[in-house]
Amino acid sequence: MIIVGVDEVGRGALFGPVVACAYVCRQSKLENIKDSKKLTPQKRESIASKLSLSPEGIAYGLCDNKEIDHHNIHNATLLAMTRAVTKLSENIHFDKIMIDGLFCPDYIKQHFSYETVVKGDEKIYEIMSASILAKVYRDNLMLDMSKKFPQYGLDRNKGYATKEHLRRIFEIGPTRYHRMSFAPLNKL
C-alpha cells in the first residue's frame, strides 16, 4: 500500500504563508525520523536533503498571508493541504492519505481514501517526513524574506510572534506579508 503523509507548518506565525507538504516514501525509510519540532534545524536540514533524493514523491502547497486573512487560518491550512495533494496526485498513484491532526479537506474526502491521525507527526513515518520537509521549506522561505526585511529578525523568529518581532512591528509597522487578521496586528 502506498501511503501519502500530509502535514503543515506556519499556522501560528504572524508573517508569511502556511505551508503543507504531501510526501510518499520512494526510497528506504530513514532512521531517527521524528516530528520536526523535536529536531534541531541542522538535523532537519540533513534529513530533508536525504528525503529530497526522490523529489517526485514530494509536493508542497502554500497559502499566502492574503489568503489566510481572507479564508482564516483553518481554511487556508486545508487549502494548502489540498494544493499539495493535488500536485502530488498529478505524478504519483497512491492508495491512502494520512493527515496529521483532526481535519481533512473536503476535496481529499471526496477523491481519496484518507485517515486523520492526531499526533501523526509523532507516529507515522510519512507524516513525520512531510512535517520535516514542510518545516525546512518554510524556514528557507523565511531566511529569503529576512534578506528583504532584515529589521524583523525573520532569520531567527521565522515569522512567529517573538518579543523582538512584535516590537519591530509596533516600531516600524507591518509589511505586506504580515497576517493582518491575526492578533495583535488586527488592532493596528
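As a quick test, which of the pairs 87/148; 38/187; 43/158; 135/163 have an alpha carbon distance above 27 angstrom in this structure?
Distance filter (> 27 Å) returns 87/148; 38/187.
For residue 15, the amide hydrogen comes within under 5 Å of the amide hydrogens of 179, counting only partners 5 or more places away or on other chains and with H modelled in the peptide plane. Across the range 87-188, the fraction of Cα-Cα pairs farther apart than 16 Å, rounded to a whole number, is 68%. In the context of the full protein assembly, residue 83 retains an accessible surface of approximately 80 Å², using a probe radius of 1.4 Å and ignoring ligands and nucleic acids. Less than 5 angstrom separates the built amide H of residue 158 from none of the residues sequence-distant by 5 or more or on a different chain.
Just report the Cα centroid separation between the range 39-63 and the range 90-141, whole Å. First find each Cα centre; the distance between them is then 13 Å. Taking all protein chains as shown and a probe of 1.4 angstrom, residue 6 keeps an accessible surface of around 0 Å².
Ordering 162, 175, 40 by accessible area with a probe of 1.4 Å, largest first, what comes out?
Descending accessible area places them as 40, 162, 175.
Here the extension length gained between residue 66 and residue 172 equals 36.1 nm, from 0.36 nm per residue of separation less the Cα-Cα distance. Given in Å, the Rg to one decimal and the Dmax to the nearest whole number for the Cα atoms of the range 73-144 are 12.5, 37. Quick note on the range 48-91: its Rg to Rh ratio, both from C-alpha atoms and Rh being the Kirkwood radius, is 1.10. What the range 16-127 shows is 51 Å² of accessible area per residue, with the surface traced by a 1.4 Å probe over protein heavy atoms.
Remind me, relative contact order of the chain in percent, using alpha carbon pairs under 8 angstrom and six or more residues apart? Taking the mean separation of contacting Cα pairs over the length of the chain, I get 32 percent.
With Rh defined as the Kirkwood radius, the inverse of the mean 1/r over Cα pairs, the Rg/Rh of the range 147-188 is 0.91.
Tell me, in nm to one decimal, what length is gained between residue 112 and residue 32 on full extension, where the rule is 0.36 nm per residue of separation less the Cα-Cα distance? Intermediate results must be reported in sequence, preceding the final value.
On the way: separation 80, 0.36 × 80 = 28.80 nm, distance 2.93 nm.
Length difference between fully extended and current span is 25.9 nm.
Projected onto its three principal axes, the C-alpha set of the chain covers 53, 35, 26 Å, listed from the longest axis down. Beta bridges assigned by DSSP with both partners in the range 1-127 are antiparallel in approximately 60 percent of cases. Largest accessible area first, the residues 11, 176 order themselves as 176, 11 under a 1.4 Å probe with ligands, DNA and RNA left out.
The values are calculated or read from the model by the stated rules, or taken from the named source; none is laboratory data. These figures come from a predicted structure and were not determined experimentally. With ligands, DNA and RNA removed, areas are computed over all heavy atoms of the protein, side chains included. Shrake-Rupley method; radii C 1.70, N 1.55, O 1.52, S 1.80 Å.
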